[in-house]
Amino acid sequence: MHARAYCLRLSGDFDGAIEEYKMAIQIYRNEEDEEGLRAESRNMATALFLKGEIDEAAKLLRDVKEKINPGIPYFDAYSHVDKAILSFVGGRFEVARYEIEEARRAINSCEQILDPDEEMILDYIIDGMGQE
């Protein structure tokens, strides 16, 4: 479900991605897997954000932001993406720009590229700030 949601999000089918994340979240709840539940909730929040459901996305991110395991791959980048979203939602555009730069630095320090879906989020924030 995670891979399908990822592909749907990249294709722009945010509704489909959100449905996949909801199914994955339910499985993690049934299995009492808190880490998986938080990770998929975070992913669903980013899909909601891209769909324009800003308040719901921010609520989910706030609920999970201190609970995500810092040992997961790309934690630094993901945490900066999340902070960029929350800063953007709060109208703190300079902070959002800083967090975008930090997300990109964190990925570069791993000699990786930002996942296309995460890059899509950062571009969405940049475009939104240009319209303010």
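Would you mind telling me which numbered condition in (1) more than 21 Å from ALA106 (Cβ to Cβ); (2) free of Cβ contacts under 8 Å to residues at least 12 places away in the same chain LYS22 fails?
LYS22 satisfies all of (1) more than 21 Å from ALA106 (Cβ to Cβ); (2) free of Cβ contacts under 8 Å to residues at least 12 places away in the same chain except (2).
Looking only at region 1-46, count how many residues are closer than 17 Å to PRO116 by Cα and assigned to a loop (DSSP other than H, G, I, E, B).
Of the residues in that region, 2 qualify.
Name, by its number, the condition in (1) among the polar types (S, T, N, Q); (2) touching a residue at least 12 places away in the same chain (Cβ under 8 Å); (3) within 21 Å of ASP127 (Cβ to Cβ) that does not hold for SER41.
(3)
One line per residue, one yes/no per condition, for (1) touching a Phe, Trp or Tyr at 6+ places or on another chain (Cβ under 8 Å); (2) at pLDDT below 90; (3) more than 23 Å from ALA5 (Cβ to Cβ):
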position	(1), (2), (3)
PHE49	yes, no, no
LYS65	no, yes, no
ARG105	no, yes, yes
ILE121	yes, yes, no
MET129	yes, yes, yes
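So which of LYS22, LYS51, LYS83 ends up being out of contact with any strand residue (DSSP E or B) (no Cβ under 6 Å at 6 or more places or on another chain) and more than 18 Å from MET120 (Cβ to Cβ)?
On the way: LYS51 fails: more than 18 Å from MET120 (Cβ to Cβ); LYS83 fails: more than 18 Å from MET120 (Cβ to Cβ).
Just a single option satisfies the conditions, and that option is LYS22.
Is region 51-69 home to any residue that is closer than 25 Å to ASN108 by Cα, under 14 Å from the mean Cα position of the chain (by Cα), surrounded by 20 or more Cβ atoms within 10 Å (Cβ to Cβ) and of a type outside the set (Val, Ile, Thr)?
Among the residues of region 51-69, at least one is closer than 25 Å to ASN108 by Cα, under 14 Å from the mean Cα position of the chain (by Cα), surrounded by 20 or more Cβ atoms within 10 Å (Cβ to Cβ) and of a type outside the set (Val, Ile, Thr), which makes the answer yes.
The values are calculated or read from the model by the stated rules, or taken from the named source; none is laboratory data. Bear in mind the structure is a predicted one, so any value in this text is a computation, not a measurement. Ideal geometry is used to build each Cβ from the backbone, glycine not excepted, and the neighbour counts take in all protein chains shown.
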